[in-house]
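S.K.: The structure under discussion is supplied below as structure tokens; questions concerning it will follow.
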Amino acid sequence: MSRVTANARKTWIGAVFFTMAALALAACGSTTAVIVVPHINGTPSVSIDVALQKIACTTAGTCIAVGADDSLVAPSAVGEVGHANATWSPITLPSTLSQTVTAISCWSSQCLIGGALPSSDSLWDYSPSDQSVSVATAPSGGRGVSALDCFAKAACAMVDGTGITGASRLSFTSDGSTWSTPLALAWTTGDAVTALSCSDDMNCLVAATNARSRVLLEVTHDGGATWIVRPVPSTWTTLTSLDCSALDCVALAGTASSPLLIRTGTNFRLFRSITLADNASAIACARISRCVMAGQTSTRGPWLATLKGLKIHTLALKYVPTGLVDVACGVKSCAAIGASTVLSFKP
């Protein structure tokens, strides 16, 4: 008997044994087949003093997780990189005081990290090729980045604020470093922008929450010059994690009673919602039809689930002590973070 044949026979015998064992277990008091689901293991983050807040992944598979504490006197930003082999390593961030991190978005080979300093936007550039993070130039006059969305290689959109009573602004870059003159979003005056998704530099959706805790959602087809209202239910209090591919979008809506998963194939002209039993804090999609949600259970434990079509499948977690705050996906893998935990997995 050849070695190949012998190995094939061993593999077949092992498969038969596993199948018989599963059937035997299923027969014990249940007619439902047993599905063995491996745990996804969390790894402690590099800092216990500064919580991780945002994560994003390049389409090539590298992910970066970042957090900052602007209440500390000393520079207090922390970051780490998730690699394609599911390992994590710390990364050095620029040394700045009173830094916040509010948004990250990537393309195939780079990421932009947005936040705020006491009187200006904060923008960092992450390069996976040499594992470096450097200070980038943001549009002048901003008072903090609200949202970032990179929709093609080196092509991104940014919404930043101009102060509590001012309107937010929309800017674009086509090279990852220089930005167009910001266009004021007059309809956001005094409101907090919560989400941004663009298919190109002409077509974008922006969501905001007003002072009455109601969601505002508008779309532009001319790069921010004019805006069209997309009506949404008055019960929505927030709209976050907006992710669109052409006319297909997913998002998370908050209400007073329960969070909702929102799906649309018409760029929010029409949409449907799924009530979630668990509290999702973020959603990310490897493809628009294959998404992952992260958050916490009703008992405040960690929660991670996949969404395939309209079905939600909860994933088993191990060594994850707190709820998850953000999730991101590349083409083949995803990553999620808790305040002090990182984890990598296949969607």
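The values are calculated or read from the model by the stated rules, or taken from the named source; none is laboratory data. Small disclaimer: the values here were computed from a predicted structure and weren't measured. FYI the Cβ positions are ideal-geometry reconstructions off the backbone, even for glycines, and counts take in every protein chain you see.
S.K.: Suppose the filter is at pLDDT 95 or above and farther than 20 Å from residue 196 by Cβ; does residue 255 pass it?
M.R.: Taking the combined requirement at face value, the residue satisfies it.
S.K.: So which residues in the stretch 102-124 are among the aliphatic types (A, V, I, L, M) and touching a Ser or Thr at 6+ places or on another chain (Cβ under 9 Å), if there are any at all?
M.R.: Those that are among the aliphatic types (A, V, I, L, M) and touching a Ser or Thr at 6+ places or on another chain (Cβ under 9 Å): 103, 112, 113, 116, 117, 123.
S.K.: Now for a different question. Quick one: how many residues across the stretch 39-88 are touching a Pro at 6+ places or on another chain (Cβ under 6 Å) and acidic (Asp, Glu)?
M.R.: Total meeting the criteria: 1.
S.K.: Read through the list (1) in contact with a Lys or Arg (Cβ under 8 Å, 6 or more places away or on another chain); (2) under 23 Å from residue 168 (Cα atoms), then give the number of the only condition that residue 109 fails.
M.R.: (2)
S.K.: Continuing with this model, one more query. Can you tell me which residues in the stretch 239-256 are touching a Pro at 6+ places or on another chain (Cβ under 9 Å) and among the hydroxyl-bearing types (Ser, Thr, Tyr)?
M.R.: Matches in the stretch 239-256: 255 only.
S.K.: Now for a different question. Condition first: touching a residue at least 24 places away in the same chain (Cβ under 8 Å) and outside any loop (DSSP other than H, G, I, E, B). Now tell me which residues in the stretch 160-184 satisfy that.
M.R.: 160, 168, 169, 170, 171, 172, 183
S.K.: Restricted to the stretch 214-247, and to residues that are surrounded by 13 or more Cβ atoms within 10 Å (Cβ to Cβ) and either of a type in the set (D, E, K, R) or not assigned by TED's automatic domain parsing to the domain that holds residue 258 (or both), which residue is farthest from residue 260 (Cα to Cα)?
M.R.: Here the answer is 218.
S.K.: Also, quick follow-up: Could you look through the stretch 205-228, keep only residues that are in contact with a helix residue (DSSP H, G or I) (Cβ under 8 Å, 6 or more places away or on another chain) and in a strand (DSSP E or B), and pick out the one that is farthest from residue 158 (Cα to Cα)?
M.R.: Checked the stretch 205-228; the qualifying residue farthest from residue 158 (Cα to Cα) is 216.
S.K.: What number of residues within the stretch 220-251 are under 25 Å from residue 295 (Cα atoms) and without any contact (Cβ under 8 Å) to a residue 40 or more places away in the chain?
M.R.: 6
S.K.: If I filter the stretch 250-259 down to residues being part of a strand (DSSP E or B) and buried (at least 21 other Cβ atoms within 10 Å of the Cβ), which single residue comes out as farthest from the chain's Cα centre (by Cα)?
M.R.: Among those that are part of a strand (DSSP E or B) and buried (at least 21 other Cβ atoms within 10 Å of the Cβ), it is 253.
S.K.: Keeping to the stretch 96-153, report how many residues are assigned to a loop (DSSP other than H, G, I, E, B) and either surrounded by 18 or more Cβ atoms within 10 Å (Cβ to Cβ) or more than 18 Å from the chain's Cα centre (by Cα) (or both).
M.R.: Summing the residues that are assigned to a loop (DSSP other than H, G, I, E, B) and either surrounded by 18 or more Cβ atoms within 10 Å (Cβ to Cβ) or more than 18 Å from the chain's Cα centre (by Cα) (or both) in the stretch 96-153 gives 22.
S.K.: Could you list all residues from the stretch 311-331 that are within 16 Å of residue 55 (Cα to Cα) and in a loop (DSSP other than H, G, I, E, B)?
M.R.: Correct list: 323, 330, 331.
S.K.: May I ask you to say which residue of 184, 152, 138 is within 19 Å of residue 101 (Cβ to Cβ) and assigned by TED's automatic domain parsing to the domain that holds residue 269?
M.R.: Just a single option satisfies the conditions, and that option is 138.
S.K.: So residue 15 ticks every box in (1) in a helix (DSSP H, G or I); (2) modelled with pLDDT of 50 or more; (3) among the aliphatic types (A, V, I, L, M) but one. Which box is left unticked?
M.R.: The one condition residue 15 does not meet is (2).
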